[in-house]
Amino acid sequence: MSEPTEQTAMPGESVAVLSMRDVQFAYPRTAALRGVNLDVAAGEVVAVTGRSGSGKSTLLHVAAGLLRPASGTVHVLGQEVGALPDAAASSLRRKHVGLVLQHGLLVPELSVLANVTLPLVLEGTQQRASAQALAHDWLTRLEVADLATAFPGELSGGQSQRVAVARALVAGPALVLADEPTGSLDSVGGERLLDLLVSACRAGNRALVVVTHDNRVAAVADREVRLLDGTVEYEAVLT
Amino acid sequence: MSAVLTLARPRTTSDWRRWWLVAAACAAAAVLVLCALRIARYRLSDLVVLGRQVSPYVQDAGTRPGVIVGLLLCCVPALVLLIQALRFGSAARERRLAGLRVAGASQSQLRRIAMAESVGAGVVGAAAGAVAYLALATTTPRISSDILRLVPYPDRLDILAVPLVVLAVGAVAGVCARTSARAVIVAPRRVAGRLPRPLPSSRGWASAFLVALLAVLTIQVLGYNLWPHTGAFVVIGVAVATAFTLTPYLGVLAARRLMRSDDPMRQLAAARLRADARTPGRVAAVVAACGATFMIAVVFSLSVWRVDDNTGGGKAYYVTGAALAGLGALVALAVSVVSLVIAASEQVLEGRRATAALTAFGVSTAELTRAMRIQLGIVTIPCALTGAALAASVMVPLLRSDLRGPLVALGAAALGFACVWVLSVLANRAAVRLVRRQLADATSAENLRTA
């Protein structure tokens, strides 16, 4: 295995939080990504749009290090994710990448509070009490603190997504990746969740990449990246 | 490590069921291993315990190794049950593991969680098995007849053997869990799941074991007088390894054959069999051994019955030995049926949406039960009969003179075959009956909304 490489910044140039270069990924019968380039800076909100099957979710999973690209490089905070062994990539994800998937993917056997503390517990660097306090703080900010002792099976779709957002943000990541976070919610619930997610990221100067079909997401983003058949069709800076 | 231990704690009913199954399998294995070790340590000084003798099968240096190997072979169904138990509740577990992965758990942390879950259950189960062994070894010398007093009274070395076996069995459970824990993937096209293990990967091993079995058999036949016992045990060991690596392919072959049928229920059975050929394969290997053992027990008992007994008690000695072997095979068959039921229940639970859809399209529960009967019987029943046929082909020529005449010999083989057929069909029916409730639950229209 090759050694993890570090991206070096030129004087006066800031290192992108996420940098993808000529990334290719294929499923057994389909090429999902064909040479995608993407840079996301700190505090930037990027909406990744495109039709079903265009490679949006795959792009997000590759960026998170959950899928390894067939070729090309993915750097998160200057570290090449694809070159890291699984334990190191997982540790990087726990500390610096928050992940929100469409159905939340909470652990059904754990309480809401335990779910949110998971990234801190798995990292093993925080005391249980301080991890729980931090988790409780995020649940309060996301307006679901009263559900701390509930279990995922008892939550509505919107509540599950808020808990998933709290879990994604609890470790103070520099990059938040969200795959259709409003996909299973009604318009009011989706809008509220989006407000909470975007404001939390902007307040913490976090980079946010949202994969979406939802035009409301594109409306609050700084930039839109549209994919078509695994390639970037166009990029547009939104005002 | 504490996080791993916290996350490894069983929480749901399904987790606890899995825990109990692992513990039960480990308890059975611990009892068998401790009994085998105690018999292996048997000395003439153990001859009289509490004024009573141990069984002649243990006293006789010629039959003692057979008893030990028999007990160790009975660990194989327990191991199959353990492996099956580790897969219990897999759909819910996959969701849980995927959730942990999204939260940042590494693959090695997930493997450690799986290992910690099983080591705990394995150690507790093995400790219970050790208590059962001590109870067995201390009470049977007092209550059973001479011939059935198989386990000698515990000795001082048990102080060492018991904790060692408990730890070893716990470690085996942990290793099985670690090796059976496949990589968890979270990907857009497979929201949550574990990487499937392709079946053909062990085809090389199956061929190698088959060649080794033929080689060992040839050497055993040519040099029987040189190493009669050791050779026989080597043949048994290689035969078990061959059966375990080969039988999953029989599942695949049976599925391919069923798939050609026009009957949709046979096609459904084929699809389910192809989805998991390993489990029926493993069970079929045990069932084949059970079939062979039954055949040997029947033919051997008949041959003993036909021989003139002038020794007084000689017939009882041989017939009881054969009956004990048959009883061991019966227990192994029952454990195998439990393994098969666990696997089938899991499959029904995971595919409950498809089952509910079939019911909605007009497929009756009786038809679905028939598909299940085909799925559970298509590999196991022929394997049981093949095991019986192989055993008959060896035993009948060997005991032809004792059986006095070819017609009696053929009759003995036919009787053995009938016994194995009836038992395997009954086992199949029992397995289907045990899965029927889950199948009926799966047909509920509520499952149409399940993810």
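The values are calculated or read from the model by the stated rules, or taken from the named source; none is laboratory data. In this text the structure is predicted, and so the values were computed from the model without any measurement. Cβ atoms come from the backbone with ideal geometry, glycine included; neighbour counts cover every protein chain shown. When the accessible area is computed, the model is the full protein with side chains, heavy atoms only, and any ligands, DNA or RNA have been set aside. Shrake-Rupley method; radii C 1.70, N 1.55, O 1.52, S 1.80 Å.
Summary of values
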read-out: Per-residue SASA entry for B:M259, accessible area with 1.4 Å probe, Å² rounded to 10; value: 70 Å²
read-out: Charge sum, other residues only, whose C-beta stays under 11 Å from B:V165's C-beta, Lys/Arg counted +1 and Asp/Glu -1; value: 0
read-out: Given charges at Cβ of Lys, Arg, Asp, Glu: the stretch A:18-237 dipole, positive-most of A:V97, A:V170, A:V211; value: A:V97
read-out: Distance from the stretch A:154-211 to the stretch B:277-342 (C-alpha centre basis), Å; value: 63 Å
read-out: For A:P69, net neighbour charge (Lys/Arg +1, Asp/Glu -1) across residues whose Cβ lies under 12 Å away; value: +1
read-out: Quotient of Cα Rg and 2.2 N^0.38 Å for the stretch A:143-235, N being how many residues it contains; value: 1.14
read-out: Long-range HN-HN contacts of A:G98 with modeled amide H, under 5 Å; value: A:L175, A:V176, A:L177
read-out: Among A:G53, B:Q84, B:W305 - extreme Cα towards positive end, dipole of the protein assembly as shown, charges at beta-carbon; value: B:W305
read-out: log10 of Debye I(q)/I(0), alpha-carbon scatterers only, for the stretch A:29-160 at 0.11 Å⁻¹; value: -0.50
read-out: Accessible surface ranking that places the most exposed of B:C74, B:C35 first, with a 1.4 angstrom probe; value: B:C74, B:C35
read-out: Overall form of the stretch A:111-183 per C-alpha gyration tensor (a/c, 1.5; a/b vs b/c); value: oblate
read-out: Cα-based Rg / Dmax (Å) for the protein assembly as shown; value: 30.8, 107
read-out: Environment charge at B:R274 (Cβ cut-off 12 Å; Lys +1, Arg +1, Asp -1, Glu -1); value: +3
read-out: Antiparallel content of DSSP bridges confined to the protein assembly as shown, in %, to 5; value: 60 percent
read-out: The protein assembly as shown, dipole about Cα centre (Lys/Arg Cβ +1, Asp/Glu Cβ -1), debye to the nearest 20; value: 1700 debye
read-out: Helix-only CD estimate at 222 nm, as mean residue ellipticity for the protein assembly as shown, using -39500 (n - 2.57) per DSSP H run (n ≥ 4); value: -21000 deg cm²/dmol
read-out: Unit charges on C-beta of K, R, D, E only; dipole of chain B, Debye; value: 1580 debye
read-out: Probe 1.4 Å - accessible area at A:D86, Å² to nearest ten; value: 40 Å²
read-out: Rounded accessible area per residue of the stretch A:18-237, 1.4 Å, Å²; value: 38 Å²
read-out: Antiparallel bridge percentage (DSSP; both residues within the stretch A:18-237; nearest 5); value: 55 percent
read-out: Neighbouring partner chain Cβ atoms per residue of A:83-93, average, 10 Å criterion; value: 3
read-out: Gap separating the Cα centres of the stretch A:55-94 and the stretch B:96-161, nearest whole Å; value: 41 Å
read-out: Contact order normalised by residue count of chain B, Cα under 8 Å, 6+ apart, percent; value: 17 percent
read-out: Test item: B:108-118 mean partner chain Cβ contacts at 10 Å; value: 1
read-out: Point-to-point label distance, B:A212-A:D146, nm (Cα→Cβ direction, 7 Å offset); value: 6.5 nm
read-out: Cα-based Kirkwood hydrodynamic radius, chain B, one decimal, Å; value: 23.9 Å
read-out: Kirkwood Rh, Cα atoms: Rg over Rh of the stretch A:18-237; value: 0.96
